[in-house]
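Asks: Below is a structure I'd like to ask you about.
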Amino acid sequence: MTILDFLFPKKCLECGRAGKYMCIDCLQKVPISPEICPICTEFSFSGKTHPRCLGAQELNGLITAWRYQGVVRKSILALKYRFASDVSDELVTKYLKVISNISKGILAPIPLNRKRQNWRGFNQSEELGKRVAQKLNLKFVPDLLIKKTSTLPQARLTKKEREKNIRGVFKINPRYQLLSAAYYLFDDVWTTGSTMKEACKTMKRNGAGKVWGMTIVR
Ligand SMILES: [Zn+2]
Ligand SMILES: [Zn+2]
């Protein structure tokens, strides 16, 4: 037991039962996300982009586990605080039991605005992505993408505004040369996907072979 166990006793973030941040009962209530094509959002086996939807610069598929609800949503919200590294450990362990196995590739998190990163203290998609990469034996490259300009937070914008707001904001870190390997672009939440799609375009224009989106929830 550490001092943190006294300050933040481990209990379910939804129902308060002691033991885990996500108890089995609450976790079972969170709907599993259906496997969807990231372009048309219709069902697609394993989340692979339909051949008819796949343009040259589009995502090759989307890996995600749950809908953004219940105890999973509470866990993701709890990650905004620095002490929540235990929460991310539990979340990632459960996440990997839901998604299908990946064995090879490079995982790159979606970068935040520098401004927002400082305010939060850390980048939670980087934190989660690092754990996912470690457990799946993927190569983790946290600084593959660079966000060029300070954009407005996407959350309050409409789908159209989001696409406009994000256009042209990513570039590839000049330290890296993209390969024909499989890349996994990681973020905690998939909402409209406009950020992920824009990052994917930048990567494919710069030589990336396959780019999959990967999120905990949508
Ligand atoms: Zn519970
Ligand atoms: Zn489709």
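Asks: Out of all the residues in the stretch 42-72, which are within 16 Å of ligand 1 (Cβ to nearest atom) and part of a loop (DSSP other than H, G, I, E, B)? Outline the logic, then answer.
Replies: We begin by selecting, within the stretch 42-72, every residue within 16 Å of ligand 1 (Cβ to nearest atom); these are 66, 69-72.
Listed by number, the list holds a single entry, GLN69.
Asks: If you don't mind, another one. Output the residue which, of all residues in the stretch 46-56 that are more than 19 Å from the chain's Cα centre (by Cα) and at pLDDT 95 or above, is nearest to GLU35 (Cα to Cα). Walk me through how you get there before you give the answer.
Replies: Let us first name the residues in the stretch 46-56 that are more than 19 Å from the chain's Cα centre (by Cα), namely 50-56.
Next cut, at pLDDT 95 or above only: 50-54.
Numbers: HIS50: 12, PRO51: 15, ARG52: 17, CYS53: 15, LEU54: 16 Å.
So, considering only residues that are more than 19 Å from the chain's Cα centre (by Cα) and at pLDDT 95 or above, the one nearest to GLU35 (Cα to Cα) is HIS50.
Asks: Mind checking which residues of the stretch 36-67 are within 13 Å of ligand 2 (Cβ to nearest atom) and among the β-branched types (Val, Ile, Thr)?
Replies: ILE36, ILE39, THR41, THR49, listed by residue number.
Asks: Mind counting the residues in the stretch 11-41 that are within 20 Å of the chain's Cα centre (by Cα) and either within 16 Å of ligand 1 (Cβ to nearest atom) or in a loop (DSSP other than H, G, I, E, B) (or both)?
Replies: Just the residues of the stretch 11-41 that are within 20 Å of the chain's Cα centre (by Cα), to begin with: 21-22, 27, 30-41.
Right, trim to either within 16 Å of ligand 1 (Cβ to nearest atom) or in a loop (DSSP other than H, G, I, E, B) (or both) and you get 21-22, 27, 30-31, 33-35, 37-41.
So the count comes out to 13.
Asks: Considering the stretch 8-35 alone, what residues qualify as being within 16 Å of ligand 2 (Cβ to nearest atom) and either farther than 24 Å from MET214 by Cα or surrounded by fewer than 19 Cβ atoms within 10 Å (Cβ to Cβ) (or both)? Step through it out loud before you land on a result.
Replies: In the first step, residues of the stretch 8-35 are kept if they are within 16 Å of ligand 2 (Cβ to nearest atom); the result is 33-35.
Across the stretch 8-35, the qualifying residues are PRO34, GLU35.
Asks: Can you tell me which residue within the stretch 173-191, out of those that are in contact with a Lys or Arg (Cβ under 9 Å, 6 or more places away or on another chain) and farther than 22 Å from SER75 by Cβ, is surrounded by the fewest Cβ atoms within 10 Å (Cβ to Cβ)?
Replies: Applying the filter and picking the extreme gives SER180.
Asks: Find the residue count for the stretch 73-113, including only residues that are closer than 19 Å to GLU126 by Cβ, assigned to a helix (DSSP H, G or I) and not small (Gly, Ala, Ser).
Replies: Qualifying residue count, the stretch 73-113: 13.
The values are calculated or read from the model by the stated rules, or taken from the named source; none is laboratory data. On a predicted model such as this, the values are computed, not experimentally measured, just so you know. Note that we place each Cβ from the backbone using ideal geometry, even for glycine, and neighbour counts take in every protein chain shown.
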